[in-house]
Amino acid sequence: MLLSEKGNRLVVFIDELDRCSPTYVIKLLERIKHYFTCDNVTFVFSINFRELEYSIKHFYGEGIDACRYLDRFFDVRMQLPAVEMDKFLSSIGARESRGIRESVCLEMIKLLNMEMRETSRYLLLSKMAANKYTDSKSGKSAFDNYPYEESFTIGYCIIVPIAIALKLTNTDDYYDFMEGRDSKWLRKVMTGSLQDWIGRILLDNNESFSDKEDFIRVDINQRIEDVYRAIFIDSKENTNKQPEIGKIIVKEGFYYSLSKVLGMVSSYADYSI
């Protein structure tokens, strides 16, 4: 009736079926197959085919040939090209400014192989968390000339973006990171694109990460581990310590300040973005 009144073809678009429960996936596919004999009805699916295969195997068991099962439902399969992340980031203005926070965000996007939707959400959340104090477009950090400037930079420009990225993509890694059990993501970021910068704040004037005459050689990974433990263990447990690591001074309770920033409930948050 609908076709005869409104046109000669019905096109049904089905998006993200791969994100549905396996039971729902099977029920929908088995129902719509009854319309496949109708020449004037076309179904267009937008799916991740591999994820859909996992749903079929989850429902029927590993013994089923999921690829051939699904082939019964699709006459033509067209694959979109991979996203050129650099072009996508440029299109949303993510490469316009390259402060420390922005550099960490770009590093985490690459390390976690984020998709476009994840990337857009991540960049927004990382800005909101402490944008008033970490936005490089201002040309000057609000922490400049503050006694604990380096500590705040490490916390709000590096640790917060790392934690937000992990919270969006890997819950286990997020809790390991935030509960002081694993510093690997901090080491990955700080020994990557930030390595030149961190030497200026993690080292005393007579220290170096490489062999230099009249300098004390320091292991870079151990120094990063020291910073991590000072923030996530010492400042959390209120040990009355105020560790000084290079030019960084970690105040007691700093961990809880970071937690407020990550929860978007600190005075540093900017909800107007």
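Residues considered: I56, I92, I32, I26. Of these, the only one that is of a type in the set (V, I, T), out of contact with any His (no Cβ under 6 Å at 6 or more places or on another chain) and closer than 30 Å to L123 by Cα is I92.
How many residues are within 24 Å of T153 (Cβ to Cβ) and open to solvent by 90 Å² or more (accessible area, probe 1.4 Å) when one looks only at the stretch 96-117?
Filtering the stretch 96-117 down to residues within 24 Å of T153 (Cβ to Cβ) leaves 96-112, 114.
Pick out the ones that are also open to solvent by 90 Å² or more (accessible area, probe 1.4 Å) and you get 96, 98, 110.
Matching residues across the stretch 96-117 total 3.
Criterion applied to Y69, Y35 was being among the aromatic types (F, W, Y) and at pLDDT below 90, and the one residue passing it is Y35.
Would you point out the residue of the stretch 4-13, among those that are outside any helix (DSSP H, G or I) and open to solvent by less than 100 Å² (accessible area, probe 1.4 Å), that is modelled with the lowest pLDDT?
So in the stretch 4-13, the residues outside any helix (DSSP H, G or I) come out as 7-13.
Next, only the ones that are open to solvent by less than 100 Å² (accessible area, probe 1.4 Å) stay: 7, 10-12.
Values: G7: 64, L10: 86, V11: 89, V12: 91.
Checking each candidate, the answer is G7.
Taking the numbered list (1) open to solvent by 50 Å² or more (accessible area, probe 1.4 Å); (2) of a type outside the set (S, T, Y); (3) more than 20 Å from the chain's Cα centre (by Cα) in turn, R181 passes all entries but (3).
Residue pairs whose Cβ atoms lie under 6 Å apart, sitting 6 or more positions apart in sequence or on different chains, and linking a residue in the stretch 77-89 that is among the β-branched types (V, I, T) to a partner that is part of a helix (DSSP H, G or I) and open to solvent by less than 90 Å² (accessible area, probe 1.4 Å), are V83/M116. Within the stretch 14-29, track down each residue that is within 14 Å of T42 (Cα to Cα) and either at pLDDT 95 or above or outside any strand (DSSP E or B) (or both). Correct list: L29 only. Residue pairs whose Cβ atoms lie under 7 Å apart, separated by 6 or more positions or on different chains, with the first residue in the stretch 13-29 and acidic (D, E) and the second open to solvent by 70 Å² or more (accessible area, probe 1.4 Å) and not in a strand (DSSP E or B), are D18/E51.
Screening V261 on (1) β-branched (V, I, T); (2) closer than 28 Å to N206 by Cβ; (3) open to solvent by less than 30 Å² (accessible area, probe 1.4 Å) shows it passes everything except condition (2). For the stretch 192-231, the tally of residues that are part of a helix (DSSP H, G or I), surrounded by fewer than 14 Cβ atoms within 10 Å (Cβ to Cβ) and free of Cβ contacts under 8 Å to residues at least 24 places away in the same chain stands at 2. Find the residue count for the stretch 242-266, including only residues that are touching a residue at least 12 places away in the same chain (Cβ under 8 Å) and assigned to a loop (DSSP other than H, G, I, E, B). Selection size over the stretch 242-266: 9.
The values are calculated or read from the model by the stated rules, or taken from the named source; none is laboratory data. As the structure is a computational prediction, the values presented were derived from the model and not from experiment. Backbone-built Cβ (ideal geometry, glycine too); neighbour counts: all protein chains shown. Only protein heavy atoms, including side chains, enter the accessible area calculation; ligands, DNA and RNA are left aside. Shrake-Rupley method; radii C 1.70, N 1.55, O 1.52, S 1.80 Å.
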